[in-house]
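Below is one structure, written out as structure tokens, with a few remarks after it.
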Number of protein chains: 2
Amino acid sequence: MGHDHGHDCCGGDAPARVEQALGRLRASGLRVTEARRALLRALAASRVPLAVDEIHRRSGRGKADRVTIYRSLEAFEQAGIVRRHPLEKGRSLYALETPGHHHHHLVCRACGAIERLEACDAGPIEAGARAKGYTRLTHVLEVHGLCPRCSHG
Amino acid sequence: MGHDHGHDCCGGDAPARVEQALGRLRASGLRVTEARRALLRALAASRVPLAVDEIHRRSGRGKADRVTIYRSLEAFEQAGIVRRHPLEKGRSLYALETPGHHHHHLVCRACGAIERLEACDAGPIEAGARAKGYTRLTHVLEVHGLCPRCSHG
DNA sequence: GTCCGTGCAAATCATTTGCACTTCT
DNA sequence: AGAAGTGCAAATGATTTGCACGGAC
């Protein structure tokens with residue numbers, strides 16, 4: 001798989017998003033390297049969140065080792081530059097963080113198509129968690145189903 | 001039970017729940033073995049969802065091999081007898097399915113404490129997915145954070 | 001008697017870690 | 001210079017699979 005089926009999901013002006021991300025790197029005290037440029041380019045160019053393996057495959061020149069990609073992504077996630085989408089089976093997908101655009105994804109179990117879901121009603125739920133004294137909240141919300149094409153059976 | 005921190009979550013009348021589960025096993029054409037009794041007893045006795053390792057540890061006599069527990073749990077999940085809660089890092093927790101009691105969990109990243117979250121506003125989100133033609137919808141919603149005790153570190 | 005369930009060993013597979021080397025600032 | 005980033009090899013750890021045996025129905 002690894003194709004961008006489904007409809008637009010994480011799209012936008014790729015070069016601009018890369019620049020914005022690089023700016024945030026510097027602002028966070030993170031260093032800018034060719035490996036990281038390639039990584040961010042791959043993310044910015046994709047309309048859907050990518051797995052580490054996929055990022056590795058799509059990083060043309062300046063391609064970094066998978067291990068380095070893992071480490072960079074973790075740093076980027078901490079800095080709020082990249083958003084991680086944990087999947088059911090322990091894998092994760094990554095996408096550039098789009099501030100003020102919190103959303104989740106609808107994943108087809110059969111063909112892997114991913115669509116963006118705009119609504120996110122987790123606000124009240126996280127509020128409840130906060131009321132219990134929990135901090136540093138994050139949430140995982142994935143909707144799985146069969147897309148129209150795969151539903152016919 | 002050093003691991004059942006947090007408040008009640010999946011409690012109930014344990015023996016009765018085991019019997020109910022066994023009945024469902026038979027109804028689904030699954031066989032009843034001592035290993036499976038022990039497994040269901042462990043789940044029924046716990047107030048929180050358990051990891052496979054924890055189930056293995058808590059299954060007194062009749063304790064089955066971890067592999068068998070994995071295989072049984074998968075069969076039980078298919079049959080709707082057990083509910084799987086996928087966590088961030090690829091692990092899963094399991095609990096007896098409680099029909100008509102859909103809820104999610106609040107998990108502490110540091111100590112693993114689990115609390116029940118009553119609210120589930122996924123209705124509108126799944127409606128959106130249905131509107132896109134998706135069928136057989138399921139969703140995973142887990143809220144992660146640091147519990148009050150762990151927030152001080 | 002048949003399958004299904006079980007145990008053991010070994011395989012997976014994404015992710016993580018140790019350590020020495022290189023590069024950014 | 002000095003901290004941060006990188007690569008390779010090897011470790012991890014939950015989960016999965018192959019295969020032969022044993023028990024449920």
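We did not get these values from a lab; they are worked out from the coordinates using the rules stated. Just so we're clear, the structure is a prediction, and the values are computed from it rather than from any experiment. Here Cβ is always computed from backbone atoms with ideal geometry, including for glycine, and neighbour counts include all displayed protein chains.
For a straight C-alpha distance cut-off of 30 angstrom, the lysines reachable from residue A:63 (same-chain residues fewer than eight places away being disregarded) are A:89, B:89. Counting 0.36 nm for each residue step from residue B:132 to residue B:28 and taking away their Cα separation leaves a gain of 34.2 nm. With each label modelled as a point 7 angstrom along the Cα→C-beta vector, the residue A:78-residue B:111 pair spans 2.5 nm. 3J(HN,Hα) couplings calculated from phi for segment A:26-38 with the Karplus curve 6.51 cos²θ - 1.76 cosθ + 1.60 (θ = phi - 60°) are, in sequence order, 4, 4, 8, x, 8, 8, 9, 10, 5, 4, 6, 4, 4 Hz; Gly and Pro show x. Database remark: amide H of residue A:113 closer than 5 angstrom to the amide H of A:108 (H placed geometrically; neighbours at sequence offset of 5 or more, or on other chains; Pro and chain starts carry no H). Summing Cβ point charges (Lys, Arg +1; Asp, Glu -1) relative to the Cα centre of the protein assembly as shown gives a dipole of roughly 880 debye. Estimated from helices alone, the mean residue ellipticity of chain B at 222 nm is -11000 deg cm²/dmol (sum of -39500 (n - 2.57) over DSSP H runs with n ≥ 4, per residue).
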